[in-house]
1. Can you pull out the residues in the stretch 65-99 that are in contact (Cβ under 8 Å) with a residue 40 or more places away in the chain and under 16 Å from VAL53 (Cα atoms)?
2. Among the residues of the stretch 17-59, write down those that are polar (S, T, N, Q) and either surrounded by fewer than 18 Cβ atoms within 10 Å (Cβ to Cβ) or out of contact with any Phe, Trp or Tyr (no Cβ under 8 Å at 6 or more places or on another chain) (or both).
3. Can you tell me how many residues within the stretch 15-60 are among the basic types (Lys, Arg), in contact with a helix residue (DSSP H, G or I) (Cβ under 8 Å, 6 or more places away or on another chain) and over 19 Å from TYR79 (Cα atoms)?
4. Taking only pairs six or more apart or across chains, which ones have beta-carbon atoms under 8 Å, a first residue in the stretch 1-29 that is touching a residue at least 12 places away in the same chain (Cβ under 8 Å) and of a type in the set (Asp, Glu), and a second residue that is surrounded by 11 or more Cβ atoms within 10 Å (Cβ to Cβ) and part of a helix (DSSP H, G or I)?
5. From VAL22, VAL32, VAL8, grab the single residue that is in a loop (DSSP other than H, G, I, E, B) and among the β-branched types (Val, Ile, Thr).
6. Of all residues in the stretch 57-108, how many are of a type outside the set (D, E, K, R) and assigned to a strand (DSSP E or B)?
7. For the list (1) modelled with pLDDT of 85 or more; (2) surrounded by 14 or more Cβ atoms within 10 Å (Cβ to Cβ); (3) under 27 Å from ARG17 (Cα atoms), I need the number of the one condition that TYR62 fails.
Amino acid sequence: MSDDYFQVILLIERLHRQFLDVVKLELDALRVHDVNNVQALMLFNMGDAEISVGELTMRGYYLGSNVSYNVKKLSESGYLVAERSMHDRRSIRVRLTPKGRTLRDRLDAAGHW
């Protein structure tokens, strides 16, 4: 791997961590404490779609185990509805609740991201 390529990868990772810090600041400013920055980013990336956990993993470039954990936490907090697919019982479909859409919209308005 070339040194330039490696440096770009390091910069992208650093930028992502810094963006997560900005998301955390937005959550703090909105006084939202039941969602972490990664979970908020997941809500934002979902949009209004109903998608599988696998699709969410591919869309957001999250690690699979972290997605499952965060989906569980977001469901418990009332931001997501998670249901087994009727067609493939192994697959879990998720969608935002009204509470999840409200937070996504508040973050969008606050951060313009």
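1. TYR79, ILE92, ARG93, VAL94, ARG95, LEU96
2. Pass one, the stretch 17-59, residues polar (S, T, N, Q): 18, 36-37, 39, 45, 52, 57.
Within the stretch 17-59, GLN18, ASN36, ASN37, ASN45, SER52, THR57 meet the criteria.
3. Total satisfying the criteria: 0.
4. Cβ pairs passing all conditions: ASP21/ASN37; GLU26/ALA40; GLU26/LEU107; GLU26/ALA110; GLU26/GLY111.
5. So the residue among VAL22, VAL32, VAL8 that is in a loop (DSSP other than H, G, I, E, B) and among the β-branched types (Val, Ile, Thr) is VAL32.
6. Looking only at the stretch 57-108, we keep the residues that are of a type outside the set (D, E, K, R), and these are 57-58, 60-71, 74-75, 77-82, 85-87, 91-92, 94, 96-98, 100, 102-103, 107.
Next cut, assigned to a strand (DSSP E or B) only: 80-82, 92, 94, 96.
Residues meeting the conditions: 6.
7. TYR62 satisfies all of (1) modelled with pLDDT of 85 or more; (2) surrounded by 14 or more Cβ atoms within 10 Å (Cβ to Cβ); (3) under 27 Å from ARG17 (Cα atoms) except (1).
The values are calculated or read from the model by the stated rules, or taken from the named source; none is laboratory data. Keep in mind that what you see is a predicted model, and the values were worked out from it rather than measured. Positions of Cβ are backbone-derived with ideal geometry, glycine not excepted, and every protein chain shown enters the neighbour counts.
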